[in-house]
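Novice: The structure is given below, and queries will be raised subsequently.
The values are calculated or read from the model by the stated rules, or taken from the named source; none is laboratory data. Note that the structure is predicted; figures quoted are calculated from it, not measured. Glycine also receives a Cβ, built like all others from the backbone with ideal geometry; neighbour counts cover every protein chain displayed.
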Protein chains: 2
Amino acid sequence: MRSAQVTIKDIAKSLGISPSTVSRALKDHPDISYETKEAVKKLAKELNYNPNLVALSLRHSKTYTIGVIIPEIVHYFFSSVISGIEDATHDRGYNVMICQSNELYEREVSSTKALLAARVEGLLVSMSKTTIQYDHFLNLRDNKIPIVFFDRHCPIIDTDRVLLDDFEGAYKATKHLIKKGCKRIAHLFAPQHLAIGKNRLEGYLKALEDNNIKPDNELIIKCDIHEKALEIVPRLLSLPNAPDGIFAVNDNTAAGAMIAVKQKGLKVPKDVAIVGFSNSLISTVTDPPITSVEQKGYEMGKKAAEMLIRRLDAKELYPAETEILKSELIIRNSSQKR
Amino acid sequence: MRSAQVTIKDIAKSLGISPSTVSRALKDHPDISYETKEAVKKLAKELNYNPNLVALSLRHSKTYTIGVIIPEIVHYFFSSVISGIEDATHDRGYNVMICQSNELYEREVSSTKALLAARVEGLLVSMSKTTIQYDHFLNLRDNKIPIVFFDRHCPIIDTDRVLLDDFEGAYKATKHLIKKGCKRIAHLFAPQHLAIGKNRLEGYLKALEDNNIKPDNELIIKCDIHEKALEIVPRLLSLPNAPDGIFAVNDNTAAGAMIAVKQKGLKVPKDVAIVGFSNSLISTVTDPPITSVEQKGYEMGKKAAEMLIRRLDAKELYPAETEILKSELIIRNSSQKR
């Protein structure tokens, strides 16, 4: 047998294992057992297998580890993102390490440093609410560590990103409430330095405008957590111009709004229709279940991980890419006013 | 000034920073800025500060990173655990890296290896449902990497652990349903090779026994996820001896059971009372909200992290410790039959 003809597939076939196992065994991948590595190396030597040595040494610094920084693990959306990331990476032999910034800039910075120290090959990041300085990300770029942002991105760094068309999602949600007969639609919004907060508010305002409804500042409130909705919505409902519809920036906040509406003795959707954003498990277990904008967490995580791996595998530089996922309104009973 | 008298506190005071910052600057901790490190080192030299060099070199291999392996991030319980872990570790300068096993043995093994390769100082682990081999944990022990199990532990390794009194929690939940007048209480249980599944089932059975209720095998079903409850509970409700109470092993399953009961045209709690386990956000947003056993996720994470740090800081070995947290039944309307 001529040695140049021996391939990884030949070795795999002889040993009854997969080509990717052979490939990883030859690269001393930590997932492959000592026994398998020895068997593969022994046979490779016997068959005089001659790998592409340049390619092999180039890859030698690979740690097969990807770092992820997310704001809060407790959100269904982010756990869906993680499932998508893991499904896209696991089959290719990558491990995923997750750090939570807990919406704190300082933790985001120290997580970035810790993941670098752990020798991750690249990062997937959704920015914390409180991050308004970006040196830690610029530092990654300067160190040639690829980074892909998802959902919440850093506006000043030109890098790969996967986003949702939040404007469209909010527009659809608000238009739906108008079509169902709502005249006074409140919006519970997220911080405006985050693109998701800004774009959802703008989508809401545009839908009002297109339907000749004048926005009422009393009905547009910064409130993006469950507990705060329990506090703020009762006050909204006591206004002379109380809302007959509420569009909340996420499902946890929408679920809080629903509890507050019911506690006031009002009915959902008859008196107050409610729409959330995320399409999480929460939106299906409330009574009535909540109409919500599907945020495509799983798809977003999968896409972001694929973009990162493509970047890691690339032999040369190429321009940063932005992928915008289409939102979708999932209609349930919380908004069926008519 | 005699050099032996200069302490970290003196340096901190002179520079207007905290003693822990000085200490970390002297150890070249990655969280401390270059400028601060230089300032601290310069002053330490000027003052002839003389640290305990042995202690310093012993600690020199510290990475200030702790690894966490959890089954599924999507569960409220595990995200509460992570909050507890982070609150206990962050102030001490540790970073936390999380891997998800996704209830898969193989991912648990590769996560363990990846975290070791990332040079974590110790691990906090809640075992996956499918893990029945333990070499990866034994390997950690052999490498002197401390490990603390929480919630789901490895039965054959003598190491630190923090558990909940699951038996007691299940006993209280079942007894509560009996007191509310339930005669035929179903239990939706988790896999029996997990101590949590076994202990909760045993607590349920003991409560029946203590109240002279004969267990009915038709009402004791393996079902621990939301989607499966939607499938199985309708069948349970069609039995001649249909249940008038359901105790589910977690809240997501209990919420699924509630949806199924309502879809059957029955009322909760009047026709079927429901109790869950976890006391998660889900249990508060359903209508009626779900009575649930508080699983103490935050406390468990905090405790486990503290045990690990104590182990990392210890100058000598001491016997493995087990801490059992007290469960608590949080009563809401889903069980108020009478």
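Novice: Among what's in the stretch A:296-323 and is among the aliphatic types (A, V, I, L, M) and touching a residue at least 24 places away in the same chain (Cβ under 8 Å), pick the residue that is surrounded by the fewest Cβ atoms within 10 Å (Cβ to Cβ).
Specialist: A:ALA320
Novice: Of the numbered conditions (1) at pLDDT below 95; (2) farther than 22 Å from B:GLY181 by Cα, B:ASN241 fails exactly one; give the number of that condition.
Specialist: Of everything listed in (1) at pLDDT below 95; (2) farther than 22 Å from B:GLY181 by Cα, B:ASN241 misses just condition (2).
Novice: Filter the stretch B:29-40 down to residues that are of a type in the set (D, E, K, R) and crowded, with 16+ Cβ neighbours inside 10 Å, then give me how many there are.
Specialist: Summing the residues that are of a type in the set (D, E, K, R) and crowded, with 16+ Cβ neighbours inside 10 Å in the stretch B:29-40 gives 2.
Novice: Filter the stretch B:266-282 down to the residues that are at pLDDT below 95 and within 12 Å of chain A (Cβ to nearest Cβ) and list them by number.
Specialist: Scanning the stretch B:266-282 gives B:SER280, B:LEU281, B:ILE282.
Novice: Could you grab me the full set of residues in the stretch A:37-65 that are at pLDDT 85 or above and within 14 Å of chain B (Cβ to nearest Cβ)?
Specialist: A:LYS37, A:THR63, A:TYR64, A:THR65, listed by residue number.
Novice: Continuing with this model, one more query. Taking the stretch B:134-181 only, how many residues are within 22 Å of B:ALA114 (Cβ to Cβ) and in a loop (DSSP other than H, G, I, E, B)?
Specialist: 11
Novice: Now for a separate question. Return yes or no: is B:ARG119 closer than 28 Å to B:SER20 by Cα, at the interface with chain A (Cβ under 8 Å from one of its Cβ atoms) and either over 15 Å from the mean Cα position of the chain (by Cα) or at pLDDT below 90 (or both)?
Specialist: Against the criterion (closer than 28 Å to B:SER20 by Cα, at the interface with chain A (Cβ under 8 Å from one of its Cβ atoms) and either over 15 Å from the mean Cα position of the chain (by Cα) or at pLDDT below 90 (or both)), B:ARG119 qualifies.
Novice: Oh, and also: Given the structure, is A:ASN95 surrounded by fewer than 19 Cβ atoms within 10 Å (Cβ to Cβ) and either modelled with pLDDT of 95 or more or more than 15 Å from the chain's Cα centre (by Cα) (or both)?
Specialist: no
Novice: For A:LYS326, indicate whether it is buried (at least 17 other Cβ atoms within 10 Å of the Cβ) and either at pLDDT 95 or above or over 12 Å from the mean Cα position of the chain (by Cα) (or both).
Specialist: no
Novice: Give the stretch B:258-282 a look and list any residue that's within 13 Å of B:ILE330 (Cα to Cα), crowded, with 24+ Cβ neighbours inside 10 Å and not hydroxyl-bearing (Ser, Thr, Tyr), or say none.
Specialist: Across the stretch B:258-282, the qualifying residues are B:ILE274, B:VAL275, B:GLY276, B:PHE277, B:ASN279.
Novice: Would you check which residues across the stretch B:84-104 are within 11 Å of chain A (Cβ to nearest Cβ) and not in a helix (DSSP H, G or I) and list them?
Specialist: Hits for the stretch B:84-104 are B:GLY93, B:TYR94, B:ASN95, B:VAL96, B:MET97, B:ILE98, B:CYS99, B:GLN100, B:SER101, B:ASN102, B:LEU104.
Novice: Please enumerate the residues belonging to the stretch A:228-252 that are more than 14 Å from chain B (Cβ to nearest Cβ), closer than 19 Å to A:ALA170 by Cβ and part of a loop (DSSP other than H, G, I, E, B).
Specialist: Hits for the stretch A:228-252 are A:PRO243, A:ASP244, A:VAL249.
Novice: Is there any pair linking a residue in the stretch B:259-275 that is within 13 Å of B:PRO289 (Cα to Cα) to one that is at pLDDT below 95 and small (Gly, Ala, Ser), with Cβ under 7 Å and at least six apart or on different chains, and which?
Specialist: none
Novice: For the stretch B:182-218, enumerate the residues that are outside any helix (DSSP H, G or I), among the aliphatic types (A, V, I, L, M) and either closer than 23 Å to B:LEU239 by Cα or without any contact (Cβ under 8 Å) to a residue 40 or more places away in the chain (or both).
Specialist: Those that are outside any helix (DSSP H, G or I), among the aliphatic types (A, V, I, L, M) and either closer than 23 Å to B:LEU239 by Cα or without any contact (Cβ under 8 Å) to a residue 40 or more places away in the chain (or both): B:ILE185, B:ALA186, B:LEU188, B:ALA190, B:ILE213.
Novice: Please go through the stretch A:105-127 and pick out each residue that is part of a loop (DSSP other than H, G, I, E, B) and either over 18 Å from A:HIS153 (Cβ atoms) or in contact with a Leu (Cβ under 6 Å, 6 or more places away or on another chain) (or both).
Specialist: A:ALA118, A:ARG119, A:VAL120, A:GLU121
Novice: Does A:ASN279 satisfy the criteria of being under 26 Å from A:VAL74 (Cα atoms), touching a Gly at 6+ places or on another chain (Cβ under 7 Å) and touching a residue at least 24 places away in the same chain (Cβ under 8 Å)?
Specialist: no
Novice: Also: Which is in contact with a His (Cβ under 7 Å, 6 or more places away or on another chain) and within 14 Å of chain B (Cβ to nearest Cβ), of A:ALA305, A:ALA255?
Specialist: A:ALA255
Novice: Could you count how many residues in the stretch B:87-118 are in contact with a strand residue (DSSP E or B) (Cβ under 9 Å, 6 or more places away or on another chain), touching a residue at least 24 places away in the same chain (Cβ under 8 Å) and more than 18 Å from A:TYR94 (Cβ to Cβ)?
Specialist: Selection size over the stretch B:87-118: 4.
Novice: Taking the stretch B:127-139 as the region of interest, how many residues are more than 14 Å from every other protein chain (Cβ to nearest Cβ) and either touching a residue at least 24 places away in the same chain (Cβ under 8 Å) or touching a Gly at 6+ places or on another chain (Cβ under 9 Å) (or both)?
Specialist: Going through the stretch B:127-139 one residue at a time, the tally reaches 6.
Novice: Could you say whether any residue in the stretch B:210-227 is surrounded by 21 or more Cβ atoms within 10 Å (Cβ to Cβ), within 14 Å of chain A (Cβ to nearest Cβ) and at negative phi?
Specialist: For the stretch B:210-227, residues surrounded by 21 or more Cβ atoms within 10 Å (Cβ to Cβ), within 14 Å of chain A (Cβ to nearest Cβ) and at negative phi: present.
Novice: Among the numbered criteria (1) within 14 Å of chain A (Cβ to nearest Cβ); (2) in a helix (DSSP H, G or I); (3) out of contact with any strand residue (DSSP E or B) (no Cβ under 8 Å at 6 or more places or on another chain), which single criterion is violated by B:PRO289?
Specialist: The one condition B:PRO289 does not meet is (2).
Novice: Here's something else I'd like to know. Go through A:LEU15, A:LEU26 for me and flag whichever is surrounded by 11 or more Cβ atoms within 10 Å (Cβ to Cβ), modelled with pLDDT under 85 and among the aliphatic types (A, V, I, L, M).
Specialist: Unique residue meeting the criteria: A:LEU26.
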